[in-house]
Amino acid sequence: MVNNNSPLVLALRRFTRHKLAMTSGMVLLVMILLALCAPLFEIWLGVGANDVNLLNRLQGPSLAHPLGTDELGRDQFLRLLYGGRVSLFVGFTAAVFSVVIGTVIGLTAGYFGGRVDAFLMRMTDSFIALPGLPLLIVIAAIDLSKLGLPDAWVQSESVSLYRIVFIVALLGWTGEARLVRGAALSLREREFVMAAKGAGASHRHIMFHHILPNLLSPIIVAVTLSIGGVILVESALSFLGLGIQPPVASWGNMLTNAQQLIWEAPMQAVYPGLMIFITVIAFNFLGDGLQDAFDPKAEY
Amino acid sequence: MRQYLLARSAQSLVVILLMSFVIYGLIGLMPGDPIDILASEDPTMTPEDVAALRALYDLDLPVYERYLNWLGRAFTGELGYSRLFGQPVLDVLGPALVSTLVLMGTAFIVAIAIAIPVGVLAASKPRSALDYGVNLFAFAGISLPSFWLALMLMTLLCVTLGWLPAGGTAPAGSGVLEQLRYMLLPVATIVIVNVGSYSRFVRASMLEVLRKDYIRTARAKGAGQWRVVWRHGLRNGMIPVVTILALEFGSLFSGALIVETIFSWPGMGKLIFDSIMGNDFNLALIALLLATVLTLLGNLLADICYAKLDPRIVIGEGR
């Protein structure tokens with residue numbers, strides 16, 4: 001071992017000491033594996049996640065249905081797994097998209113400074129000052145065919161998935177933009193940037209080859225932390241009937257009918273919400289652990 | 001300061017104008033339009049009637065022209081009628097604003113009343129059990145889906161134990177106690193979700209203050225722990241807290257949309273949701289705009305509070 005004190009090794013060592021974050025990482029790994037293996041469980045249990053069986057409504061847990069069935073007789077366990085696929089997919093993609101938008105805006109503002117910075121940051125401030133959830137609901141409710149998009153595409157099953165990723169990313173980039181801008185603002189005064197400038201590098205080269213790599217750790221933390229937020233927004237919209245559309249299962253839309261069924265089957269509502277809670281808190285702990293690992297000076 | 005305020009107000013005004021256009025455009029893209037709804041409710045209408053109505057309500061014009069017409073009418077105070085309630089929009093908004101303010105205000109005061117002492121105690125004993133507890137609770141709070149928490153509280157307290165009503169407001173003329181029973185669950189949901197992060201915020205702010213020189217001076221002069229923390233520390237520790245409070249000001253009016261919808265609390269959040277889902281274009285437009293205006297106002301207020309409370313901060317220079 002020649003170089004066992006490199007920043008990455010140090011960060012990794014600090015991270016593995018962070019028990020809560022390690023546990024969260026494991027939990028998420030298991031969850032991702034389970035979600036990926038959902039079709040296998042379908043074969044094993046001999047039913048599909050969307051198979052309706054009205055003679056089997058609201059059953060309790062049994063060998064055939066480990067977590068019972070819902071109001072249409074569909075297997076709760078399988079729907080939870082498929083819901084996990086949707087939530088995790090939306091979480092990852094929307095978080096990555098919003099961080100990409102935030103990074104481009106923040107990097108441009110921080111690197112160029114001056115008027116560009118003033119304009120972009122005023123714009124960011126204005127976005128932050130918007131009432132988020134009501135706006136998300138309006139955007140989620142619009143009729144895509146009125147925008148001139150082809151009907152076949154608008155009516156396809158996966159459209160609600162892409163739509164939600166798009167909507168969340170559209171309003172979710174502001175925090176990252178501020179973060180990246182602040183870091184870029186201080187990095188651009190550093191010697192290595194001066195050196196690159198002196199060597200005749202273009203703005204784009206400096207921004208993406210010299211400044212961006214130095215921002216990697218805060219960006220990774222930002223993505224991790226925002227996944228949790230995205231999953232919460234997605235599930236809330238799906239719960240209200242505006243996100244992922246049935247019959248596709250999502251943890252949010254599995255709870256849509258729970259309020260009507262609250263007297264009949266109060267346990268129905270427990271599992272999907274618990275899954276949301278565990279996943280979101282695990283991403284938050286993970287992000288917190290990563291932050292401590294990358295930047296040990298912060299907090300405490 | 002004055003110049004800064006003017007600039008900020010101008011900026012907010014631009015944002016409000018832009019947002020009014022964006023919201024107007026978005027509402028126009030909602031499924032169905034008012035004339036279609038009318039036509040579907042009245043079988044005697046002919047296609048010619050529909051076309052005539054469209055022309056009458058400017059619906060055959062491009063969106064920016066319709067927007068300008070609407071803006072002109074809005075400035076003269078003509079905001080139209082709500083389709084769902086059959087009343088002028090403003091008459092619907094008034095009561096909703098009041099009931100949201102009651103709900104959110106109560107939740108807010110309760111959360112702050114818990115968060116300040118807890119946060120200060122956690123900061124004065126870093127790494128204690130309480131400190132870790134606050135941290136954990138804050139993480140749980142930001143990770144809890146509020147609609148699920150609401151459902152769980154409802155299941156436990158209304159269905160299983162039967163202690164509380166499962167939503168709505170108290171019947172008119174009932175006593176204060178009865179009204180409180182209806183408020184308890186929505187307030188509890190909002191408090192549980194927020195109190196952890198508020199406490200964590202108070203804690204972080206206090207921790208910073210308690211490291212300052214004047215705190216060491218106070219200790220050196222022999223002031224006790226209690227006096228140092230609660231008299232010397234708290235005053236400066238509260239400045240960022242007040243800022244956060246002002247930032248929350250906007251949400252005080254736009255309401256907790258999800259919580260209000262679940263508990264059928266007739267506030268702004270539920271109104272916004274219902275008007276969007278019920279194709280009530282006039283109402284949705286004004287309610288959303290009002291929410292935007294109030295949120296922006298809250299942000300402005302936060303900046304002013306920040307400067308007024310801390311004379312060391314000079315805003316409007318060097319920006």
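The values are calculated or read from the model by the stated rules, or taken from the named source; none is laboratory data. In this text the structure is predicted, and so the values were computed from the model without any measurement. As a convention, Cβ positions derive from the backbone with ideal geometry for all residues, glycine included, and neighbour counts pool all protein chains shown. Ligands, DNA and RNA are excluded from the accessible area calculation, which covers all protein heavy atoms including side chains. Shrake-Rupley method; radii C 1.70, N 1.55, O 1.52, S 1.80 Å.
Which number in (1) within 14 Å of another protein chain (Cβ to nearest Cβ); (2) open to solvent by 30 Å² or more (accessible area, probe 1.4 Å); (3) in a loop (DSSP other than H, G, I, E, B); (4) not hydroxyl-bearing (Ser, Thr, Tyr) marks the one condition that B:Leu157 misses?
Among (1) within 14 Å of another protein chain (Cβ to nearest Cβ); (2) open to solvent by 30 Å² or more (accessible area, probe 1.4 Å); (3) in a loop (DSSP other than H, G, I, E, B); (4) not hydroxyl-bearing (Ser, Thr, Tyr), the lone unmet condition for B:Leu157 is (3).
When you scan segment B:1-66 for helices (runs of 4 or more DSSP H) that lie fully inside it, which ones turn up with 2 or more residues that are among the small types (Gly, Ala, Ser), within 13 Å of another protein chain (Cβ to nearest Cβ) and under 30 Å from B:Leu300 (Cα atoms)?
B:2-28
In the list A:Ala64, A:Ala109, A:Ala94, A:Ala152, which residue meets the criterion of being at pLDDT 90 or above and more than 23 Å from the chain's Cα centre (by Cα)? Reasoning before the result, please.
Values: A:Ala64 fails: at pLDDT 90 or above; A:Ala94 fails: more than 23 Å from the chain's Cα centre (by Cα); A:Ala152 fails: at pLDDT 90 or above.
Going through A:Ala64, A:Ala109, A:Ala94, A:Ala152 in turn, the sole match is A:Ala109.
If B:Arg2 satisfies all but one of (1) open to solvent by 50 Å² or more (accessible area, probe 1.4 Å); (2) more than 36 Å from the chain's Cα centre (by Cα), what's the number of the condition it fails?
Against the list (1) open to solvent by 50 Å² or more (accessible area, probe 1.4 Å); (2) more than 36 Å from the chain's Cα centre (by Cα), B:Arg2 comes up short only on (2).
Assess whether B:Asp91 counts as being open to solvent by 40 Å² or more (accessible area, probe 1.4 Å), at pLDDT below 75 and acidic (Asp, Glu).
In short, no.
May I ask you to verify whether B:Leu26 is under 27 Å from B:Phe273 (Cβ atoms), crowded, with 17+ Cβ neighbours inside 10 Å and not assigned by TED's automatic domain parsing to the domain that holds B:Val187?
On the way: under 27 Å from B:Phe273 (Cβ atoms): yes; crowded, with 17+ Cβ neighbours inside 10 Å: yes; not assigned by TED's automatic domain parsing to the domain that holds B:Val187: yes.
For B:Leu26, the condition - under 27 Å from B:Phe273 (Cβ atoms), crowded, with 17+ Cβ neighbours inside 10 Å and not assigned by TED's automatic domain parsing to the domain that holds B:Val187 - is met.
Just checking, does segment B:195-209 include any residue being of a type outside the set (Lys, Arg), modelled with pLDDT of 80 or more, within 11 Å of B:Gly119 (Cβ to Cβ) and touching a Phe, Trp or Tyr at 6+ places or on another chain (Cβ under 6 Å)?
yes
Identify, from the list A:Phe127, A:Phe89, A:Phe112, A:Phe97, the residue that is more than 21 Å from A:Ala236 (Cβ to Cβ) and open to solvent by 40 Å² or more (accessible area, probe 1.4 Å). Full working, then the answer.
Numbers: A:Phe127 fails: more than 21 Å from A:Ala236 (Cβ to Cβ); A:Phe89 fails: more than 21 Å from A:Ala236 (Cβ to Cβ); A:Phe97 fails: more than 21 Å from A:Ala236 (Cβ to Cβ).
Answer to the check: A:Phe112.
Exactly one of these conditions fails for A:Phe283: (1) farther than 14 Å from A:Gly83 by Cα; (2) outside any helix (DSSP H, G or I); (3) at the interface with chain B (Cβ under 9 Å from one of its Cβ atoms). Give me its number.
Failing condition for A:Phe283: (2).
Residues checked against (1) surrounded by 19 or more Cβ atoms within 10 Å (Cβ to Cβ); (2) within 8 Å of chain B (Cβ to nearest Cβ); (3) basic (Lys, Arg):
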| position | (1), (2), (3) |
| --- | --- |
| A:Ile231 | yes, no, no |
| A:Ser238 | yes, no, no |
| A:Leu242 | yes, no, no |
| A:Pro247 | no, no, no |
| A:Leu255 | yes, yes, no |
| A:Gln260 | no, no, no |
| A:Val270 | no, yes, no |
| A:Ile276 | yes, yes, no |
| A:Phe294 | yes, no, no |
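Looking at (1) in a helix (DSSP H, G or I); (2) surrounded by fewer than 17 Cβ atoms within 10 Å (Cβ to Cβ), which one does B:Val120 not meet, given that it meets all the others?
Of the numbered conditions (1) in a helix (DSSP H, G or I); (2) surrounded by fewer than 17 Cβ atoms within 10 Å (Cβ to Cβ), the odd one out for B:Val120 is (2).
Just to be sure, is B:Phe263 modelled with pLDDT under 80, under 17 Å from B:Val98 (Cβ atoms) and not aliphatic (A, V, I, L, M)?
no
Looking at segment B:181-292, what helices (runs of 4 or more DSSP H) fall wholly within it and have at least 2 residues that are open to solvent by 40 Å² or more (accessible area, probe 1.4 Å) and in the same structural domain as B:Asp131 (by TED's automatic domain parsing)?
B:213-220, B:234-254, B:268-277
A quick yes/no check of all residues on (1) among the small types (Gly, Ala, Ser); (2) in contact with a Gly (Cβ under 7 Å, 6 or more places away or on another chain); (3) in contact (Cβ under 8 Å) with a residue 12 or more places away in the chain:
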{"position": "B:Ile215", "(1), (2), (3)": "no, yes, yes"}
{"position": "B:Lys221", "(1), (2), (3)": "no, no, no"}
{"position": "B:Ile258", "(1), (2), (3)": "no, no, yes"}
{"position": "B:Ile276", "(1), (2), (3)": "no, no, yes"}
{"position": "B:Leu289", "(1), (2), (3)": "no, no, yes"}
{"position": "B:Leu294", "(1), (2), (3)": "no, yes, yes"}
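Would you check which residues across segment B:130-147 are β-branched (Val, Ile, Thr) and open to solvent by 20 Å² or more (accessible area, probe 1.4 Å) and list them?
B:Ile142
Got a number for residues in segment A:119-147 being at the interface with another protein chain (Cβ under 8 Å from one of its Cβ atoms), of a type in the set (Gly, Ala, Ser) and free of Cβ contacts under 8 Å to residues at least 60 places away in the same chain?
Matching residues across segment A:119-147 total 2.
Pull up segment A:37-77, narrow it to residues that are within 22 Å of A:Pro246 (Cβ to Cβ), part of a helix (DSSP H, G or I) and aliphatic (A, V, I, L, M), then point me to the one that is most open to solvent (accessible area, probe 1.4 Å). Give the derivation first.
First, pick out the residues of segment A:37-77 that are within 22 Å of A:Pro246 (Cβ to Cβ): A:38-39, A:41-42, A:45, A:47-59, A:65-77.
Of the ones still in play, those that are also part of a helix (DSSP H, G or I) are A:38-39, A:41-42, A:45, A:54-56, A:76-77.
Among the residues that remain, those that are also aliphatic (A, V, I, L, M) are: A:38, A:45, A:54-55.
Details: A:Ala38: 0, A:Leu45: 34, A:Leu54: 113, A:Leu55: 164 Å².
Of everything passing the filter in segment A:37-77, A:Leu55 is most open to solvent (accessible area, probe 1.4 Å).
May I ask you to say which residue of B:Ala107, B:Ala115, B:Ala111, B:Ala150 is buried (at least 16 other Cβ atoms within 10 Å of the Cβ) and within 12 Å of chain A (Cβ to nearest Cβ)?
Every option except B:Ala150 fails the conditions.
Between B:Leu97, B:Leu13, which is under 25 Å from the mean Cα position of the chain (by Cα) and either modelled with pLDDT under 80 or open to solvent by 50 Å² or more (accessible area, probe 1.4 Å) (or both)?
Matching residue, one of B:Leu97, B:Leu13: B:Leu13.
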